[in-house]
1. Mind checking whether some residue in the range 162-171 is at pLDDT 95 or above, surrounded by 15 or more Cβ atoms within 10 Å (Cβ to Cβ), out of contact with any strand residue (DSSP E or B) (no Cβ under 6 Å at 6 or more places or on another chain) and closer than 19 Å to residue 69 by Cα?
2. How many of the residues making up the range 56-90 are aliphatic (A, V, I, L, M) and open to solvent by 10 Å² or more (accessible area, probe 1.4 Å)?
3. Going residue by residue through the range 37-46, is there one that turns out to be over 30 Å from residue 110 (Cβ atoms) and either under 13 Å from the mean Cα position of the chain (by Cα) or not small (Gly, Ala, Ser) (or both)?
4. How do the pairs read when you match residues in the range 122-145 that are more than 25 Å from residue 90 (Cβ to Cβ) with residues anywhere that are among the charged types (D, E, K, R) and open to solvent by 10 Å² or more (accessible area, probe 1.4 Å), using Cβ under 7 Å and keeping only pairs 6 or more apart or on different chains?
5. What about residue 132, is it closer than 25 Å to residue 19 by Cβ, surrounded by 13 or more Cβ atoms within 10 Å (Cβ to Cβ) and touching a strand residue (DSSP E or B) at 6+ places or on another chain (Cβ under 7 Å)?
6. Quick check: anything in the range 98-121 surrounded by 14 or more Cβ atoms within 10 Å (Cβ to Cβ), at pLDDT below 95, within 13 Å of the chain's Cα centre (by Cα) and closer than 16 Å to residue 67 by Cα?
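The values are calculated or read from the model by the stated rules, or taken from the named source; none is laboratory data. All figures in this text were calculated on a predicted structure; none of them were measured in a lab. Virtual Cβ from ideal backbone geometry, glycine too; neighbours counted across all protein chains shown. Please note that ligands, DNA and RNA were not included when accessible areas were found on the heavy atoms of the full protein model with its side chains. Shrake-Rupley method; radii C 1.70, N 1.55, O 1.52, S 1.80 Å.
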Amino acid sequence: ALAADMEQLAQFTAILPFTMTGAQDRVTQEIMADLRRSVPMTRLVQGDVGSGKTAVAAAAMWTAALSGRQSAMLAPTQILAEQHHRGVGRLLGQLQKPDGSPLNVQLLTGRVTGGSREAVLAGLADGSVDVVVGTTALIQETVEFADLGLAVVDEQHRFGVQQRGILRNNASGQPHLLVMSATPIPRT
């Protein structure tokens, strides 16, 4: 269970460059209720491109960080991972953890190499990286999380069942899972 405090969530919504719609607020409240449970969340958020799925996911990542847990966001392409990294980093970078330190949001893709890659991997292993956004580079054997509390998978239909499972199974416990899609997939 994560400490999904509504007062702390208000800090997040205050920094958004828009007011959440009724649907965004309702879905965020439902996710917060799921995160407070001791049973891992498995939730699909479906909405059109630009409907605010990433903002809702960032609220959940903020909640995980406040609980001292890490979040990982898996995207199917380099371009989408970079977009999410910029967007999530811009939002969460405005916030501070209870100890006053800023959230550490990093990018991990195939293009992140050398010392930069080693620094991200070390930060994930020692817990100093709070949020990582990346491609299938996140599900490689070399990636170890100190305490993954939330796994977010964007465009989840672009990944196989095993690929999605690797991220969730890479945690020491069973992290909460939030999958997002703009494409309606009936069997999902």
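1. Taking the range 162-171 first, the residues at pLDDT 95 or above are none.
No: the range 162-171 contains no residue that is at pLDDT 95 or above, surrounded by 15 or more Cβ atoms within 10 Å (Cβ to Cβ), out of contact with any strand residue (DSSP E or B) (no Cβ under 6 Å at 6 or more places or on another chain) and closer than 19 Å to residue 69 by Cα.
2. In the first step, residues of the range 56-90 are kept if they are aliphatic (A, V, I, L, M); the result is 56-61, 64-66, 72-75, 79-81, 88.
Retained after the next criterion (residues that are open to solvent by 10 Å² or more (accessible area, probe 1.4 Å)): 66, 79-80.
Of the residues in that region, 3 qualify.
3. Restricting attention to the range 37-46, the residues satisfying the condition of being over 30 Å from residue 110 (Cβ atoms) are 37-39.
Restricting the remaining residues to those that are either under 13 Å from the mean Cα position of the chain (by Cα) or not small (Gly, Ala, Ser) (or both) gives 37, 39.
For the range 37-46, residues over 30 Å from residue 110 (Cβ atoms) and either under 13 Å from the mean Cα position of the chain (by Cα) or not small (Gly, Ala, Ser) (or both): present.
4. 125/144
5. Details: closer than 25 Å to residue 19 by Cβ: no; surrounded by 13 or more Cβ atoms within 10 Å (Cβ to Cβ): yes; touching a strand residue (DSSP E or B) at 6+ places or on another chain (Cβ under 7 Å): yes.
In short, no.
6. Within the range 98-121, one or more residues are surrounded by 14 or more Cβ atoms within 10 Å (Cβ to Cβ), at pLDDT below 95, within 13 Å of the chain's Cα centre (by Cα) and closer than 16 Å to residue 67 by Cα.
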